[in-house]
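These notes are about the structure you will find just below.
No lab work stands behind these numbers, since they all come straight from the coordinates. Note that this is a predicted model, so its numbers are computed, not measured. Every residue, glycine among them, receives a Cβ derived from its backbone with ideal geometry; neighbour counts consider all protein chains shown.
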Amino acid sequence: MPTTPAQDLKKLQDMAKVMKPGSTLSNVLKEACKMAALVKNSDYAQVPGGGNAVCKYDQATGASDGYKVRYQSGNIGNLVHELTHIAVNESYKRDFVNYASKNVPPPAIYNNTDNRTNEADRQGAWMDQAKNNGIVATLDTLKKEANKAKTSLTAQQLADVNNKLDYGRINPHIEFETVLNQILVWMYEWGYMPSGTEDKLTPAQQFCQKIDAAAKTRYDNRAKEYKVSTW
Ligand SMILES: [Zn+2]
């Protein structure tokens, strides 16, 4: 039975409630719930694969004015991925790019539903090669760490993690914080989140800690940029 957006959002909220306060996953899920409030109920659509988040802008100010989300029914990792795109846009305010940039983009062009039709060009202008290289280096390190955990992840889980990290490597400027948060949700769902009472962590739990640390760094960065970036 496919679940409705309302059911999936409820599951997300329930998950956020049971996380240890202050933990990375607690922060990430609470942030996702906040972003979900920027999407009207009618603006969720379910798709069989992939997904996206589209911003509607106030053309006069260039500020965001709501979002539409396409995601996969019942897939909370995917839903958090799409809501993280919104968190990234709300924090850096750079057309969904994962970092602040002083570059000057071409003026926004809008369609009649207030979406930017030249978003890809603007993203290209915001792009910073040095920052992209840093992101790819982090993703490469995480791939090595995932491989070290191949004895305790299943083959399918390892493949899913590597696919997602590779997905980030293709478009590091827009698919970094999204894939970190998605993998962090998976690691929790798969039961690899250390409880803090273990004597010794399994390789999968150790990998979970690496993903957690990378996701925390970016969460903290978004929180900082949210306050200083302007539309
Ligand atoms: Zn994405």
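Give the separation of the Cα centroids, segment 174-231 to segment 5-61, in Å.
Each part reduced to its Cα centre gives a spacing of 17 Å.
How would you rank 1-8, 28-35, highest first, on the average number of other Cβ atoms within 10 Å across their residues?
By packing density, highest mean first, the sequence is 28-35, 1-8.
Sequence-distant or interchain residues sharing an amide H contact under 5 Å with Gly66, placed H: which?
The list, which skips near neighbours in sequence, is Lys56.
Express in % the proportion of alpha carbon pairs of segment 5-228 at distances exceeding 24 Å.
43 percent
Among Ile211, Ile109, Ile170, Ile135, rank each residue by its count of other Cβ atoms within 10 Å, from fewest to most, as a rough exposure measure.
Least to most surrounded, the residues fall as Ile170, Ile109, Ile135, Ile211.
Per-residue HN-Hα couplings for segment 98-106, Karplus 6.51 cos²θ - 1.76 cosθ + 1.60 at θ = phi - 60°, whole Hz, x for Gly and Pro?
Karplus values, whole Hz, x for Gly and Pro: 7, 7, 6, 8, 8, 4, 10, x, x.
Can you tell me the length gained on complete extension of the stretch Ala37 to Ile109, counting 0.36 nm per residue apart and subtracting the Cα distance?
23.3 nm
Taking only Cα atoms, what is the 0 to 90° angle, nearest 10, from helix 129-148's long axis to the longest principal axis of the chain?
20 degrees
If neighbour count is taken as other Cβ atoms inside 10 Å, put Asp166, Asp43 in order from fewest to most.
With the sparsest Cβ surroundings first, the list reads Asp166, Asp43.
Say each of Thr217 and Val47 gets a label point 7 Å from the Cα, pointing the same way as Cα to Cβ; how far apart are those two points in nm?
2.9 nm
Let me have the 222 nm mean residue ellipticity of the chain computed from DSSP H runs of 4+ only, each contributing -39500 (n - 2.57), with the sum over all residues rounded to the nearest 500.
Here the helix-only value at 222 nm equals -18000 deg cm²/dmol.
Name the residues whose placed amide hydrogens come within less than 5 Å of the amide hydrogen of Asn118, ignoring near sequence neighbours (fewer than 5 apart) on the same chain.
Amide H to amide H, under 5 Å and 5 or more residues apart or across chains, Asn118 pairs with Ile109.
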